[in-house]
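Beneath this line is the structure, given in structure tokens, with notes to follow.
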């Protein structure tokens, strides 16, 4: 598991670098390490450039495809599935291409000599709150991220979120319905969050989160933060 985690990290870094340094990456913002704003050219970039470069640098064969099914119907997000294999190692890297509203200028960050424009911390965590309220199909990883990075919410985040939700024409009834679902079906959502912790969070952090109450504690904390900044 540790080897796969290290290899996945290596692959992510190569893919992120190639996106950032290609024409398809112009005006895209890196989010959460490996998510970008909506851009159709990324699928073509994956097939033309990423697969070949990953093979040359790391020796992995690979494929890239646009995801189909319920996720593909979202008006604000698209998903690409990157798959790589070498010997007995098989890795999958989902690339979420999502549209977010930013009120702050982008921030320039660097990694290994590559420049990555990113959203501000406030815009990023607020986008997580909006994702929880607006996704057609809830992604429980968003609730984990709100738990982990909720301290990035600002004193004026409630006003900022109100402005963003108005721009998105997200109806109060929709917000109220999602919040009601989270509150009335806590057991289901807590179990789904626990699965995310076990499968997607770095092992040491996952152990700490599980010993501190696991999915139920994460859900309670994330929901309280959402209610503070976005009451219906």
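The values are calculated or read from the model by the stated rules, or taken from the named source; none is laboratory data. In this text the structure is predicted, and so the values were computed from the model without any measurement. Every residue, glycine among them, receives a Cβ derived from its backbone with ideal geometry; neighbour counts consider all protein chains shown.
Give the residues of segment 160-180 that are touching a helix residue (DSSP H, G or I) at 6+ places or on another chain (Cβ under 8 Å) and either within 14 Å of residue 135 (Cα to Cα) or loosely packed, with under 13 Cβ neighbours inside 10 Å (or both), sorted by residue number. I'd like the intermediate steps shown before the answer.
Step one: list which residues in segment 160-180 are touching a helix residue (DSSP H, G or I) at 6+ places or on another chain (Cβ under 8 Å), which gives 160-161, 164-165, 168, 170, 174-175, 178-179.
Listed by number, the residues that qualify are 165, 168, 170, 174, 175, 178, 179.
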| task | Could you tell me which numbered condition residue 33 fails, if it satisfies all but one of (1) modelled with pLDDT of 70 or more; (2) under 18 Å from the mean Cα position of the chain (by Cα); (3) at positive phi? | result | (1)
| Meets criteria (touching a helix residue (DSSP H, G or I) at 6+ places or on another chain (Cβ under 6 Å) and in the same structural domain as residue 9 (by TED's automatic domain parsing)) for residue 98 | no
| message | Residue under question is residue 138, and the condition is that it be assigned to a loop (DSSP other than H, G, I, E, B), under 19 Å from the mean Cα position of the chain (by Cα) and more than 28 Å from residue 194 (Cα to Cα); does it hold? | response | no
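Got a sec? Which of 77, 111, 24 is surrounded by 14 or more Cβ atoms within 10 Å (Cβ to Cβ), within 25 Å of residue 149 (Cβ to Cβ) and at pLDDT below 75? Can you show your working first?
Numbers: 111 fails: surrounded by 14 or more Cβ atoms within 10 Å (Cβ to Cβ); 24 fails: within 25 Å of residue 149 (Cβ to Cβ).
It is 77.
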| Exactly one of (1) touching a residue at least 24 places away in the same chain (Cβ under 8 Å); (2) assigned by TED's automatic domain parsing to the domain that holds residue 224; (3) more than 18 Å from residue 102 (Cα to Cα) is unmet by residue 171. Its number? | (1)
